[in-house]
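Here the structure is laid out as structure tokens; the discussion comes afterwards.
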Amino acid sequence: MAQTSGIYNPTDEWLKGHLSGWVEKHEDGKVLATLRAYYRVVNTPEDNQILAHEYYTQTTEKDFVKKAEEAKFYKAIYKDLFRTHLSLLTQNMPYSGVLMEINLHFPNYRSELMFTAQVTRVDSDNELGRDIYHAHLKVIAVNQKSLIEMMHAIAGKKV
């Protein structure tokens, strides 16, 4: 897929040609949630460009610490992404250390949330004769545009 400079918007167009899998949220050894995910590996030199993009520079973990004190929405995102163990389940083998841009689909809100994460470790399993890879993730930053769109989707659902 050709990369269009400066566009990091979770849309159907973005999803074309991307890999798919599932993101699991773990706590105390239990899977608490599983969400459909689309992702792409971000290679050098784009990895530095994407992390410096305006959609990611103000939504790192340190930014969420302060925002979490101010609003429940940010506190929930902070807890669910930055303070919880997440893993990406996929049939395509990822490598430890790579940067990924991941788009999570929240069907209840008809919304997506995009973020960047680094793969910290990869485990493999064989389920029903297929190799499944569990890429353990460390979230780096949340896409600010998708964050705002999700806030609007949640607010619209409450009305």
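Across the range 91-124, what is the total count of residues that are of a type in the set (D, E) and touching a Leu at 6+ places or on another chain (Cβ under 9 Å)? Let's see the steps before the verdict.
If we filter the range 91-124 for residues that are of a type in the set (D, E), which is where we start, we get 101, 112, 123.
If we keep only those that are touching a Leu at 6+ places or on another chain (Cβ under 9 Å) too, we end up with 112.
The qualifying residues number 1.
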Note to self: I'd like the full set of residues that are under 29 Å from Q58 (Cα atoms) and among the polar types (S, T, N, Q), limited to the range 116-159.
What the structure shows: T116, Q118, T120, N143, Q144, S146
Next item on the list: Find the residue count for the range 67-89, including only residues that are touching a Leu at 6+ places or on another chain (Cβ under 8 Å) and either at pLDDT 95 or above or over 23 Å from K30 (Cβ atoms) (or both).
Entry: 3
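Name the single residue, out of those in the range 42-64 being open to solvent by less than 60 Å² (accessible area, probe 1.4 Å) and more than 22 Å from G17 (Cβ to Cβ), that is farthest from the chain's Cα centre (by Cα).
Initially, the range 42-64 is screened for residues open to solvent by less than 60 Å² (accessible area, probe 1.4 Å), giving 42, 46-47, 50, 53, 55-56, 59-61, 63-64.
Next, only the ones that are more than 22 Å from G17 (Cβ to Cβ) stay: 59-61, 63-64.
Details: T59: 13, T60: 12, E61: 13, D63: 17, F64: 15 Å.
Among residues in the range 42-64 that are open to solvent by less than 60 Å² (accessible area, probe 1.4 Å) and more than 22 Å from G17 (Cβ to Cβ), the one farthest from the chain's Cα centre (by Cα) is D63.
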Check: Here are some conditions: (1) assigned to a helix (DSSP H, G or I); (2) closer than 26 Å to S124 by Cα; (3) not aromatic (F, W, Y). A68 meets all but one. Which one does it not meet?
Finding: (2)
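Looking at this structure, is D131 touching a Lys or Arg at 6+ places or on another chain (Cβ under 7 Å) and of a type in the set (D, E, K, R)?
On the way: touching a Lys or Arg at 6+ places or on another chain (Cβ under 7 Å): no; of a type in the set (D, E, K, R): yes.
When the stated conditions are applied, D131 does not pass them.
Results for (1) open to solvent by 30 Å² or more (accessible area, probe 1.4 Å); (2) without any contact (Cβ under 8 Å) to a residue 12 or more places away in the chain; (3) more than 19 Å from K79 (Cα to Cα), shown as yes or no for each residue.
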{"site": "F106", "(1), (2), (3)": "yes, no, no"}
{"site": "Y109", "(1), (2), (3)": "yes, no, no"}
{"site": "S124", "(1), (2), (3)": "yes, no, yes"}
{"site": "A135", "(1), (2), (3)": "no, no, yes"}
{"site": "I140", "(1), (2), (3)": "yes, no, no"}
{"site": "L147", "(1), (2), (3)": "no, no, no"}
Next item on the list: Output the residues belonging to the range 104-159 that are modelled with pLDDT under 85, among the hydroxyl-bearing types (S, T, Y) and part of a strand (DSSP E or B).
Entry: S111
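The values are calculated or read from the model by the stated rules, or taken from the named source; none is laboratory data. Keep in mind that this is a model prediction, so the values were computed, not measured. With ideal geometry, Cβ positions are generated from the backbone for all residues, glycine too; neighbour counts draw on all protein chains shown. Surface accessibility is based on the protein's heavy atoms, side chains included, excluding ligands, DNA and RNA. Shrake-Rupley method; radii C 1.70, N 1.55, O 1.52, S 1.80 Å.
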